[in-house]
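Take a look at the structure below.
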Amino acid sequence: MTEFFNVLAPADAFEVLRKHLRPLDAEAVDTTAALGRVTAEEVRSPEPLPAFPRSTMDGYSVRAADTFGATEGLPAYLEMVGQVPMGRPASVSVSTGQAAVAYTGGMLAEGADAVVMVEQTQKIDDKTIEVMRPVAPGENVVQVGEDVREDDHVLSAGHLLRPQDIGGLLALGIDRVSVGRRPRVAIVSTGDELVPPGDTLGPGQIRDINTFTLSGQIQEAGGTPLPSGLIRDDFKEQRSAAIEALRGSDILVFSAGSSVSNRDMTADVLGSLGEPGILVHGISIRPGKPTIVAMLDGKPAIGLPGNPVSAMVVFDLLVRPTIFALSGMASPPEPPAAQARLIQNIASVAGREDYVPVRLVREKGELCAEPVLGKSNLIFTLIRSQGIVKVPLDSGGLYAGETVSVRLF
Ligand code: AMP
Ligand code: MG
């Protein structure tokens, strides 16, 4: 068996690839449908928010000066001149010694500069209220542009749109937004032993898992999965499947056959398809060492190991950031993580990153991580776990009692 040459640390392997990656073209989409998309350009505010001075309390619009010195013993008496209904312009105006009913989020009455909370007032009759505490000018009022001023910088280019971003854009009337096109990710799943999940298994056959786990991961990263179907371990068939897949996609993901035995063809196939060709073959990781990184005439291609656990782990380290880079994000968002105390030792060797699935349990209120035992190629180890712990490259292992960061699924 040929050996792996130049095995790179996973982060270095991505750095090698990153230099070649360029964001895809932008497209305009409805803001209401832009969740999870990445902004292609800076967004500035076309108008101030709020657009009118708003009360933050139920109470009365007043002139603050009229309340100065007011106490429970010596309240200020104000004349009630009406109300400002919600969603309507301020048709009443208050002058010295007057007040108008204000609702939370409603417009401040003309002439008023503050709102007294209803709790700090008392109604004497239909025309008069007592104010028992002073308010300062601007108190209980959101000023025009206090949230965002007109022409303010609102979002940078390369920003992943979250629910609050969608809400903020729509609040400003921005109902279309320019985002990076969704990367289309072709999946070529190879192996003579594979059958579609609907089939009955013959001896020695297994059902294809990776097409579906990878499709899910691609969608979670904001890409569009394009499965090519199952391809046999035959150079010509794989090569034509890869050419076809590259034609309609932005990223090519090859599953299985990425090692160095004579049964493994991914390297030969990817190496025959474009320039500069293979950049990395082999990364210092377990599981997932037989991984291939290539650039084929401007398109990134990644050969993942067939072991479904390896494929998922390496996807996270190489394909996920590639999808985000093509979407227009220089670095992918931090995946969700939790700090937990390790319950058992995890052995490793220096010079290799290990990824170990863990179950999270609470012990006396403390979050603890328990390694899920089982050979690293068993898909159900990932199903029985809530996250994964990385043993760093330079570490010989982790000790029970250490606090570790768990990348949550
Ligand atoms: P390979 O990378 O071709 O050496 O495959 C490594 C292991 O993963 C072998 O046991 C394969 O049968 C298995 N395998 C390859 N592709 C898939 C797949 N799509 N779904 C499930 N297991 C697979
Ligand atoms: Mg194989």
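The values are calculated or read from the model by the stated rules, or taken from the named source; none is laboratory data. What you are looking at is a predicted structure, and each value in this text was computed from that prediction instead of being measured. Note: ideal-geometry Cβ built from the backbone for every residue, glycine included; neighbour counts use all protein chains shown. Side chains included, ligands, DNA and RNA excluded: accessible areas come from the protein's heavy atoms. Shrake-Rupley method; radii C 1.70, N 1.55, O 1.52, S 1.80 Å.
Classify region 190-324 as rounded, prolate or oblate from the Cα gyration tensor: take a ≥ b ≥ c as the square roots of its eigenvalues, call it rounded if a/c is under 1.5, otherwise prolate when a/b beats b/c and oblate if not.
The shape class here is rounded.
How much of I243 can a 1.4 Å solvent probe reach, expressed as accessible area in Å² and rounded to 10?
Number for this one is 60 Å².
To the nearest 10 square angstrom, how much accessible area does R63 have with a 1.4 angstrom probe?
80 Å²
Search the structure for amide H atoms under 5 Å from the amide H of F254, placed 1.01 Å from N in the peptide plane, and list their residues when 5 or more places away or on another chain.
Here V188, I302, G303, L304 satisfy the definition.
Among V389, I379, A369, whose Cα lies farthest out toward the positive end of the dipole of region 337-408, if unit charges sit on the beta carbon of Lys, Arg (+1) and Asp, Glu (-1)?
The residue sitting farthest along the positive end of the dipole is I379.
Karplus couplings for region 186-192 from phi (6.51 cos²θ - 1.76 cosθ + 1.60, θ = phi - 60°), rounded to Hz, Gly and Pro as x?
7, 10, 10, 9, 10, x, 5
Provide the solvent-accessible area of F235, counting protein heavy atoms only and rolling a 1.4 Å probe, rounded to the nearest 10 Å².
The accessible area comes out at roughly 80 Å².
On alpha carbon coordinates alone, what is the Rg over Rh value for region 337-408, Rh being the Kirkwood radius?
0.95
Per the Kirkwood definition applied to all pairs of different Cα atoms, how many angstroms is the hydrodynamic radius of region 1-123?
It works out to 19.7 Å.
Mind listing the phi-derived Karplus ³J(HN,Hα) values for region 47-53, rounded to whole Hz, using 6.51, -1.76 and 1.60 with θ = phi - 60°, and x for any glycine or proline?
Per residue, the Karplus-derived 3J(HN,Hα) values read 7, x, 10, x, 8, 9, x Hz.
Roll a 1.4 Å probe over the protein chains and send me the accessible area per residue for region 337-408 in Å².
54 Å²
With no solvent and one equal point scatterer per Cα, compute the Debye intensity ratio I(q)/I(0) for the chain at 0.07, 0.10, 0.14 Å⁻¹ and report its log10, rounded to two decimals.
-0.53, -0.78, -1.15
Under the rule of at least 5 residues apart or a separate chain, name every residue whose amide H is placed under 5 Å from the amide H of M80.
A99, T128, I129
Taking the Cα centroid of region 239-313 and of region 54-72, what is the distance between the two, rounded to the nearest whole Å?
A separation of 69 Å, based on Cα centres.
Summarise the accessible area of the chain (1.4 Å probe, protein heavy atoms) by the percent that is carbon and sulfur. Write down the numbers at each step before the final one.
Numbers: 10370 of 19810 Å².
Using a 1.4 Å probe with all protein chains present, the chain comes out at 52 percent carbon and sulfur.
If each DSSP helix of 4+ residues adds -39,500 (n - 2.57) and the sum is divided by the residues in the chain, what number results at 222 nm, nearest 500 deg cm²/dmol?
-4500 deg cm²/dmol
Take the alpha carbon gyration tensor of region 54-142, find the square roots of its eigenvalues, order them as a ≥ b ≥ c, and report rounded if a/c is under 1.5; if not, report prolate when a/b exceeds b/c, else oblate.
Verdict is prolate for region 54-142.
For D208, which sequence-distant residues (separation of 5 or more, or a different chain) have an amide H within less than 5 Å of its own amide H, given hydrogens modelled in the peptide plane?
Correct list: V195.
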